[in-house]
Each structure stands twice: as C-alpha cells, then as structure tokens.
Amino acid sequence: MGLISEVLLLPLAPARAGSWAVRQVLQEAERIYYDPATIRAELARLEELLEAGEITEEEFDEQEDALLDRLEIATRTGAGQGDGTAQR
C-alpha cells in the first residue's frame with residue numbers, strides 16, 4: 001500500500017515540497033517576529049524615532065503597545081526562542 005500510494009502521489013511531489021518550504025519560511029518568520037531580542041531592538045528604535053521627532057507621541061504609544069503585546073505573547077508562549085539575534 002505504501003509503495004502504491006507513493007507512486008500515485010508522485011506527481012504531487014513538487015507541490016508537497018513547495019508546501020514544506022512555505023511552512024519552514026513561515027516558522028522562521030514567526031520565530032524572528034516573536035524573538036524578544038528583536039522586539040526590544042524595535043522598541044529601542046521606536047524610542048530613537050520619538051526623540052528625533054520623526055514620530056508623534058501618539059504614534060509612539062500605538063506602536064509601543066503593539067510591540068509590548070508581541071513581547072508578552074513571546075514570553076508567555078515561549079515563541080521566538082531563537083538565537084537572540086535582531087537583524088536591523
């Protein structure tokens with residue numbers, strides 16, 4: 001049965017490989033998105049923008065709330081527990 005199903009599903013192999021690749025990219029994107037180091041770096045950059053006058057206090061508060069929500073999710077679920085690198 002296993003051999004027959006593999007032969008019958010062989011034409012779908014490229015799609016299954018593509019699906020696997022998409023899942024891997026999505027997992028990596030989520031790991032980086034919820035990485036506490038990345039979030040902290042974004043918070044620091046946000047504060048720099050506020051101090052430089054490039055964003056308003058309201059924009060800062062809105063974006064800070066979103067980042068703090070992400071950080072809370074990351075610490076609560078253990079999401080984003082990667083190597084701690086923040087790409088900027």
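Yes or no: ALA44 exposed (fewer than 15 other Cβ atoms within 10 Å of the Cβ) and either touching a His at 6+ places or on another chain (Cβ under 8 Å) or of a type outside the set (Ser, Thr, Tyr) (or both)? Walk me through it before giving the result.
On the way: exposed (fewer than 15 other Cβ atoms within 10 Å of the Cβ): yes; either touching a His at 6+ places or on another chain (Cβ under 8 Å) or of a type outside the set (Ser, Thr, Tyr) (or both): yes.
When the stated conditions are applied, ALA44 passes them.
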(request) Could you please find all residues in the range 57-79 being part of a helix (DSSP H, G or I) and either surrounded by 14 or more Cβ atoms within 10 Å (Cβ to Cβ) or within 13 Å of the chain's Cα centre (by Cα) (or both)? (result) PHE60, GLN63, GLU64, LEU67, ARG70, LEU71, ILE73, ALA74, THR75
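Any read-out appearing in this document is the output of simple, stated calculations on the displayed coordinates, not a laboratory observation. Small disclaimer: the values here were computed from a predicted structure and weren't measured. Cβ: placed from backbone, ideal geometry, glycine included. Neighbour counts: every protein chain shown.
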